[in-house]
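The values are calculated or read from the model by the stated rules, or taken from the named source; none is laboratory data. This is a predicted model, so every value here is computed, not measured. Counting neighbours? That spans all protein chains shown, and the Cβs are built from the backbone with ideal geometry, glycine included. Remember, those area values only see protein heavy atoms, side chains included, never the ligands or the DNA or RNA. Shrake-Rupley method; radii C 1.70, N 1.55, O 1.52, S 1.80 Å.
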Amino acid sequence: MTKRIQSYEILSTVGSGGMGVVYQARHILQNKLYAIKALYPQFCSDPVTRKRFENEALILSKLSDPNILKVYDFFEFEGGLYIVMEYIDGKPLSRIIGKETGPIPFTKALPLFMQILSGVEHAHAQGVIHRDLKPGNILITPDGTAKITDFGIAKIETGNKLTGTGTHIGTLYYMSPEQIRGEAATQQSDIYSLGITLYEMLAGKTPFLSSPDIPEFRVMEQIVYQPLQDPRNFYPYIPEPLVAIIMHAAQKNPQDRIRSASEFHQLLKTFLATPGTGTNETPVKEFPPSPVSQPGTEPAKVQPSPTQTTSHHPGPGTTIERRRRKKRISTVWLSVGLILFFTAIYLINKYDLLVRKGPPVVPGDTVGVFVQKEDMAWVEAGQFMMGSNFFDDEQPIHQVQLDTFFVDRNEVTVAQYHSFCEATGRKMPRAPSWGWKQEHPIVNVSWEDANDYAKWAGKRLPTEAEWEYAARGGRRSGGGKYSGSNTIGDVAWYADNSDFTTHPVRTKKANELGIYDMSGNVWEWCEDGYSEHYSEVQSPAVNPVDKTAGRKVVRGGAWFYDETSARVANRRGESARYKSPMIGFRCAVSRQKQ
């Protein structure tokens, strides 16, 4: 029996989603085709879903533009909710890009995109923000007309929000940085989504990693902090002036973007009207590079001053003799001074042995003198069960035996890394949005950068096994989920308490070995290559290190991530050349010189 909904006869199913289905239907009296969007019955009683569905009908009824799908009716029938829309015999733009054309030549892409801009311009003039602009929500008819659809999460600028503060709403790959951060969407948010849509039309893909194996937080990190790849990396035949327009639309800071859909439209019209379009002779308007922005801050321009390199943590140039000289008194009190001096030496060694858990320094022990000067923690030889069953790449749990080693008590700081740059003539990395702060951990350094620093300092990067053993507290481990505690706020700067920035090292509680920040603050590079499971190289279980090429291991979580990432067993892999405001490092030294 043919299904009927009021005066409409259902002919076929056009498409379906998580909350509803779209039918092709014929009006019995008019003999005219329509599209009917129906909310699944189980969602009709949910007030939030119902409100969004009603919101789409309300907003579309306010809009009348050739490039926006038209709504004719909205009604409730036998407990179901329905929106009657014009029927479009077309294909989603995402399907055209993904399955038919790949990259679309700009001469064909821009006429379509300018239609989309016209529809968005009309919506914005009515105070409507779409919030989910993407190729999947744009239909292309056989005659080349673009129609914007799916206003289900759109909002009217003066209306009530349908989501709370901090709620992510939209499709991840097209969401603006401010939407990722949970801030209110504005017209500038739609401009950003349009920039990414044009990018995909011309390049054949979005600028972000897109694989089911890549976790969402990794994509969010890229959107908020990483500059867009040049679309010509994917399709080289995009004119340079057009690349500049895309980058202008997709700036991280909303204030730096193209100001409106009409301005976006005009920039493209000017581009098309420019003689020699697509050649190197075409003058290109210079737009500011994509800044690494942070909520409530301006892109930082602070560079470390040569006079601001003092660290509370001794660097390579500090010596014990230098500290001792400060304690010398006048020759008049020489005998008293000598007694105090040797007493101080005894107490220092006693402190290292009993409190810092380090071995006493003996004459000729150059390694011991070096690590004491460098303020490194002594990690006594032992064995432990490495890994967990929480994530697949933390398996299998296996026993590991390690020799004694030393590890930095804190992550390498900006001040320490700046000393390295001055000594070697290297440039400092790109500053994060909060600027360089001397006692904060260094960031935006690749594995290669970290390895170079370690060699310069007479150290090395810790192996992954050493890192986890030290984070767990070695032989003094209390068994905490995080490094030194089961209460993350005691030991880690992470998403819930960091205010989305790094913090000075040693401002949280140390673990059982007197080591700081092995959970949170910044991820830390390890020596090992990364594999999806612990590899066969772990099988010997004695001082294991994975020397395979490819991605390198990072450990410990960071200020941008939740508590799951801060667990002592958590791990992930990154390219050895990858740089991020979430990644830093600390160093290690073997007990015996290699």
For this session: Give, to the nearest whole percent, the P(r) tail of region 1-151 beyond 19 angstrom, counting all Cα pairs.
Result: 56 percent
For this session: Just read off the accessible area of H265 with the full protein assembly in place, 1.4 Å probe, to the nearest 10 Å².
Result: 30 Å²
Seminar exercise, completed: Using a 1.4 Å probe on heavy atoms of the protein chains only, the accessible area for T101 in Å², nearest 10, reads 70 Å²
Problem set entry | Sites L172 and S7, calculated FRET efficiency, Cβ-Cβ separation with R0 45 Å, nearest 0.05 | 0.70
Exercise. Sorted by mean Cβ packing within 10 Å, highest first, what order do the peptides 468-479, 403-414 take?
Worked result: 403-414, 468-479
Seminar exercise, completed: Dividing the alpha-carbon radius of gyration of region 81-138 by 2.2 N^0.38 Å, where N counts its residues, gives 1.31
Exercise. When only the heavy atoms of the protein chains count and the probe is 1.4 Å, how do S388, S262 rank by accessible area, highest first?
Worked result: S262, S388
Exercise. Computed FRET efficiency, Cβ-Cβ of E54 and T507, R0 41 Å: what is it to the nearest 0.05?
Worked result: 0.25
Exercise. Stretch N31-Q229 to full length: gain in nm at 0.36 nm per residue minus the Cα-Cα span?
Worked result: 66.3 nm
For this session: Can you sort M114, M201 by 1.4 Å-probe accessible area, starting with the largest?
Result: M114, M201
For this session: Take the Cβ-Cβ distance between V14 and A184 as r, set R0 to 30 Å, and report the resulting FRET efficiency rounded to the nearest 0.05.
Result: 0.35
Exercise. Using a simple spin-label model with points 7 Å from Cα along the Cα→Cβ vector, what separation in nm is obtained for F77 and S64?
Worked result: 2.5 nm
Seminar exercise, completed: Cα-Cα longer than 18 Å, checked against K427/K547; K91/K134; K62/K147; K37/K205; K373/K508; K32/K91, kept in input order, equals K427/K547; K37/K205; K373/K508; K32/K91
Exercise. Want the number for S262 to K99: 0.36 nm per residue separation, take away the alpha-carbon distance, what's left?
Worked result: 55.6 nm
Exercise. Once fully extended, how much extra length lies between D499 and Q42, figured as 0.36 nm per residue of separation less the alpha-carbon to alpha-carbon distance?
Worked result: 160.6 nm
Problem set entry | Accessible area of L11 in the full protein assembly, 1.4 Å probe (Å², nearest 10) | 80 Å²
For this session: Consider a paramagnetic label point 7 Å from the Cα of D143 along Cα→Cβ; state which residues of region 99-115 have an amide N under 17 Å from it.
Result: 112, 115
For this session: Run the quick spin-label model on V542 and T487: label points 7 Å from Cα toward the beta carbon, then report their separation in nm to one decimal.
Result: 4.2 nm
